[in-house]
Amino acid sequence: MSTQTISASNLRSSLADALDAVDADNILIITRRGKKERAIVDLDKLEDLLAASNPAYLRKIKEARDSKEYLSHEDVFGTI
């Protein structure tokens, strides 16, 4: 996984290119006044990170797989 850094002012002028650079292997760090403030992350990567940090989420996935039951996004994520 790699990261790229862009200032908020440069992001405003090149949003489309910045979004194109974000994928499962690339995270875009946004800076303000030289300080890292935010990040733009690929949606699949975000879901992986949420899953890895949430034991209840992982348990629900395992239970669904074991029972061959399909769950909606809301059933799995709740009000995250």
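Readers should treat all values here as calculations from the given coordinates under stated rules, not as data from a laboratory. Every value quoted in this text rests on a predicted model; they were computed, and no experiment measured them. Cβ placement follows ideal geometry from the backbone for every residue including glycine, while neighbour counts extend to all protein chains displayed.
Before moving on, here are some points about what is shown:
- For segment 1-41, with +1 on Lys and Arg beta carbons and -1 on Asp and Glu, the positive-most of A24, S7, I40 along the dipole: S7
- Only one item in (i) 49, 22, 22; (ii) 112, 34, 13; (iii) 65, 25, 23 matches Cα extents along the principal axes in Å derived from the coordinates shown, and that item is (i).
- Lysines with Cα under 30 Å of K68, excluding same-chain neighbours fewer than 8 positions away: K45, K60
- The distance between label points at T5 and D48 comes to 2.4 nm (points 7 Å beyond Cα on the Cα→Cβ vector).
- Nearest-0.05 FRET efficiency for D25 and A56, computed from C-beta distance (R0 25 Å): 0.35
- Per-residue ³J(HN,Hα) for segment 7-13, Karplus 6.51 cos²θ - 1.76 cosθ + 1.60, θ = phi - 60°, Hz, x for Gly and Pro: 6, 4, 5, 5, 4, 4, 8
- Dipole size of the chain about its Cα centre, with +1 on Lys/Arg Cβ and -1 on Asp/Glu Cβ: approximately 520 debye, rounded to the nearest 20.
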